[in-house]
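The values are calculated or read from the model by the stated rules, or taken from the named source; none is laboratory data. Not measured: the values here are computed from a predicted model. Using ideal geometry, Cβ is built from the backbone for each residue, glycine included, and neighbour counts are taken over all protein chains shown.
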Amino acid sequence: MRSTFFKNSLLAVIIGFSPFTYAAESTVHAAEAIKGQYVATVASIGIEQPWSRALPPTAHTGATFVNIYNQGRADRLMSAYSPVAEKTELHNHIHQDGLMKMVEVEFIDVPANGTLELKPGSYHVMLIGLKQPLKEGEHFPIRLDFEQAGSVELEVQVKGMNAGTGAEHLHH
Ligand SMILES: [Cu+2]
């Protein structure tokens, strides 16, 4: 399963990333019944609109956030790929010695019948070595690779520089 997966990923790189496929042939599933407006579903997983913050043209790194809903068994987000960056990593934010710092993680659990939120201050997809500026209102492709569900290609929406900092994300 894993090796097919990597072969497929490699193929996608060789053929060239097709940003507008939106996992068209993936089965539209019961996942649609739960809350959220999915831009894609794959197996029992429904994915909301991924987004990034706009960045100054000089920025070398960016982050992508997305809500992932799972109506099936436990899965894992294993990797991500975007042609806008030289390298794409899965990151978490941790508190260490009173500081917030980012660490790379091997995978991120997608709980069975649960939700995984990639959001500011928490898990995110890190884009390292940006090849193009992230401009508000624009889109760029990303691929998310799940251990069980497989890969899905999505379009990331670039929001304003302060997106995600508003009161709607305060949980205190
Ligand atoms: Cu990061």
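Among the conditions (1) surrounded by fewer than 12 Cβ atoms within 10 Å (Cβ to Cβ); (2) free of Cβ contacts under 8 Å to residues at least 60 places away in the same chain; (3) assigned to a loop (DSSP other than H, G, I, E, B), residue 100 misses just one, which is (3). Listed by first and then second residue, the pairs with beta-carbon distance under 6 Å, at least 6 apart or on different chains, first residue in segment 133-150 and surrounded by fewer than 17 Cβ atoms within 10 Å (Cβ to Cβ), second part of a loop (DSSP other than H, G, I, E, B) and not hydrophobic (A, V, I, L, M, F, W, C), are 133/57; 136/160. Inclusion of residue 128 among residues that are part of a strand (DSSP E or B), without any contact (Cβ under 8 Å) to a residue 12 or more places away in the chain and within 14 Å of the ligand (Cβ to nearest atom) is not warranted. The residue list 92, 113 contains one member that is assigned to a loop (DSSP other than H, G, I, E, B), of a type outside the set (A, V, I, L, M, F, W, C), over 16 Å from residue 49 (Cα atoms) and modelled with pLDDT of 95 or more, which is 113. Within segment 67-84, the set of residues being part of a loop (DSSP other than H, G, I, E, B) and within 16 Å of the ligand (Cβ to nearest atom) comprises 82, 84.
Out of curiosity, is residue 87 within 13 Å of the ligand (Cβ to nearest atom), assigned to a strand (DSSP E or B), at pLDDT below 95 and surrounded by fewer than 21 Cβ atoms within 10 Å (Cβ to Cβ)?
no
Screening residue 52 against (1) exposed (fewer than 15 other Cβ atoms within 10 Å of the Cβ); (2) in a strand (DSSP E or B); (3) of a type in the set (Gly, Ala, Ser) leaves a single unmet condition, (1). Yes or no: residue 120 away from the ligand (no atom under 12 Å from the Cβ) and surrounded by fewer than 17 Cβ atoms within 10 Å (Cβ to Cβ)? Spelling it out, it is not the case that residue 120 is away from the ligand (no atom under 12 Å from the Cβ) and surrounded by fewer than 17 Cβ atoms within 10 Å (Cβ to Cβ).
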